[in-house]
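Notes to accompany the following structure.
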Amino acid sequence: MDGNQVPTVTLKRPINLKVIVTPRWKEEVQQQLQGQIATFDGQLQQLDVQGNRTISELQQQGNTPQVAQQMENIQLQVNQKKRELLEKKNQVLQQLQQVQNLELDQEFLQGQMESFFDVKVGDNLVRKLNVELVVRDGVIEEIRGDL
């Protein structure tokens with residue numbers, strides 16, 4: 001490095017992704033969330049069918065303590081998996097309700113991304129770390145913060 005170059009360090013930072021709520025964005029997000037709900041409903045139905053089929057097959061083996069224990073274990077596993085799926089489904093239902101209640105043109109924090117950036121002596125690290133993208137219908141409208 002020659003004497004004229006300023007030393008820099010490359011760091012990684014989170015970037016907040018904010019969307020401006022539009023009718024198109026709301027519709028797309030609602031469709032995605034409704035698709036997830038339908039998937040959970042299908043998984044719950046499939047779980048019931050598989051659990052009942054397995055228990056029916058075990059019942060054909062006779063009425064022994066071992067078979068009864070196996071059937072009880074299967075039912076416990078099915079119930080546990082159902083609870084997990086219902087919990088996930090309820091989370092998505094809550095997200096759907098939140099999206100439906102958003103007002104048009106308001107900003108909504110959709111998530112985070114990461115980017116790399118260079119810093120040098122004299123830079124304000126706090127300002128360089130606080131960067132966000134504002135997007136309307138997939139198009140970046142604004143970049144806030146010090147790049």
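The values are calculated or read from the model by the stated rules, or taken from the named source; none is laboratory data. Bear in mind the structure is a predicted one, so any value in this text is a computation, not a measurement. Don't worry about glycine lacking a Cβ; one is built from the backbone with ideal geometry, like all the others, and counts go over all protein chains shown. We work out accessible area using only protein heavy atoms, side chains counted, and drop any ligands, DNA or RNA first. Shrake-Rupley method; radii C 1.70, N 1.55, O 1.52, S 1.80 Å.
Below is a table of values for the structure above.
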read-out	value
Diffusion coefficient, µm² s⁻¹, Stokes-Einstein with Kirkwood Rh over alpha-carbon pairs of region 34-100 at 37 °C and 0.692 mPa s	245
Whole-number accessible area per residue in Å² for the chain, which is evaluated in the context of all protein chains at 1.4 Å	72
Cα extents of the chain along the three principal axes, largest first (Å)	86, 44, 18
Angle between the chain longest axis and helix 65-101 axis [Cα atoms, degrees, rounded to 10]	40
Rounded tilt (10° steps) of 23-59 against the dominant C-alpha axis of the chain	30
Pairs beyond 26 Å (Cα-Cα), from K12/K120; K26/K88; K18/K88; K89/K128; K26/K89	K89/K128
The chain - percent of accessible surface contributed by carbon and sulfur, probe 1.4 Å	48
Charged-residue dipole, Cβ positions (Lys, Arg, Asp, Glu), the chain about Cα centre, Debye nearest 20	320
Within the chain, helix-based [θ] at 222 nm, where runs of 4 or more DSSP H residues each add -39,500 (n - 2.57), nearest 500	-19000 deg cm²/dmol
Chymotrypsin sites (Phe, Trp or Tyr not before Pro) within region 62-134, DSSP loop, no more than 15 other Cβ atoms inside 10 Å	none
